[in-house]
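Enquirer: I have a structure here, written as structure tokens, and I will follow up with some questions on it.
The values are calculated or read from the model by the stated rules, or taken from the named source; none is laboratory data. What you are looking at is a predicted structure, and each value in this text was computed from that prediction instead of being measured. Glycine also receives a Cβ, built like all others from the backbone with ideal geometry; neighbour counts cover every protein chain displayed. Just so you know, the surface numbers come from the protein's heavy atoms only, side chains and all, with ligands and any DNA or RNA stripped out. Shrake-Rupley method; radii C 1.70, N 1.55, O 1.52, S 1.80 Å.
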Amino acid sequence: DVAQAINNFAFVLVNEGNDDEAEKCFRQSLAIRKKVLGDTHPEVALALANLAGLILKKGNLDEAEQLSQESLRLYRATVNPDNLRLSSSLVFLGRIANTKGNASRAEKYLTEALAIRKKVLPPGHYGILGTEAELGRAFTLQKRFIEAERLLTQAHEKLQTTMGRKHQATKTALN
């Protein structure tokens, strides 16, 4: 599959720090998937989510949000409500909302994502812990410090145990 090969190459470029070229590849992969599969296929939602992740990394919150909203809309229309990819789009939107200072919206997205992840992932999984940490940030922004401390401490301690102190996920949970 050409679109998948281009998508995989985009991730290599991201890992090498070549975000501009990676973005071109993600956009090309998205265009191919839309042309071959149609605008409403779950693989189009995945391509949108991949592009949104890079755009978020590059700091363009508005475009990342728009791409993530479209990805979420497609996932809701095409996959099981307990799908992990759907939960990833919810987490992206929660992260964006937190960054924009809209913690109540972030809480909504992250609570739904966390419920999905707790259904399908084993306890202590990085996907659950990272989502709990992001939800803890939303609580902090809302000045709900007791709830935030509980979630952030729990996530950080479990990440330290499972991923190690120096892992980026552990450091992110601590911040």
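Enquirer: Taking the residues in region 142-159 that are among the basic types (Lys, Arg) and more than 22 Å from Ile96 (Cβ to Cβ) as candidates, determine which candidate is least open to solvent (accessible area, probe 1.4 Å).
Expert: Among those that are among the basic types (Lys, Arg) and more than 22 Å from Ile96 (Cβ to Cβ), it is Lys158.
Enquirer: Follow-up. Could you say whether any residue in region 121-141 is modelled with pLDDT of 90 or more, exposed (fewer than 15 other Cβ atoms within 10 Å of the Cβ), out of contact with any His (no Cβ under 7 Å at 6 or more places or on another chain) and among the aliphatic types (A, V, I, L, M)?
Expert: Looking through region 121-141, none of the residues is modelled with pLDDT of 90 or more, exposed (fewer than 15 other Cβ atoms within 10 Å of the Cβ), out of contact with any His (no Cβ under 7 Å at 6 or more places or on another chain) and among the aliphatic types (A, V, I, L, M).
Enquirer: Would you confirm whether any residue within region 89-100 is over 19 Å from Asp62 (Cα atoms), in contact with a helix residue (DSSP H, G or I) (Cβ under 6 Å, 6 or more places away or on another chain) and without any contact (Cβ under 8 Å) to a residue 60 or more places away in the chain?
Expert: No - not one qualifying residue is present in region 89-100.
Enquirer: Sticking with this one: Go through region 147-163 residue by residue and tally those that are over 17 Å from Ser104 (Cβ atoms) and either within 19 Å of the chain's Cα centre (by Cα) or modelled with pLDDT of 95 or more (or both).
Expert: 5
Table: residues versus (1) free of Cβ contacts under 8 Å to residues at least 12 places away in the same chain; (2) out of contact with any Pro (no Cβ under 6 Å at 6 or more places or on another chain); (3) aliphatic (A, V, I, L, M); (4) under 22 Å from Ala115 (Cβ atoms).
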{"residue": "Val44", "(1), (2), (3), (4)": "no, yes, yes, no"}
{"residue": "Leu51", "(1), (2), (3), (4)": "no, yes, yes, no"}
{"residue": "Asn60", "(1), (2), (3), (4)": "yes, yes, no, no"}
{"residue": "Ala77", "(1), (2), (3), (4)": "no, yes, yes, yes"}
{"residue": "Arg85", "(1), (2), (3), (4)": "no, yes, no, yes"}
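Enquirer: Going through region 1-20 one residue at a time, which ones are surrounded by fewer than 14 Cβ atoms within 10 Å (Cβ to Cβ), in a helix (DSSP H, G or I) and charged (D, E, K, R)?
Expert: Answer for region 1-20, where residues must be surrounded by fewer than 14 Cβ atoms within 10 Å (Cβ to Cβ), in a helix (DSSP H, G or I) and charged (D, E, K, R): just Asp20.
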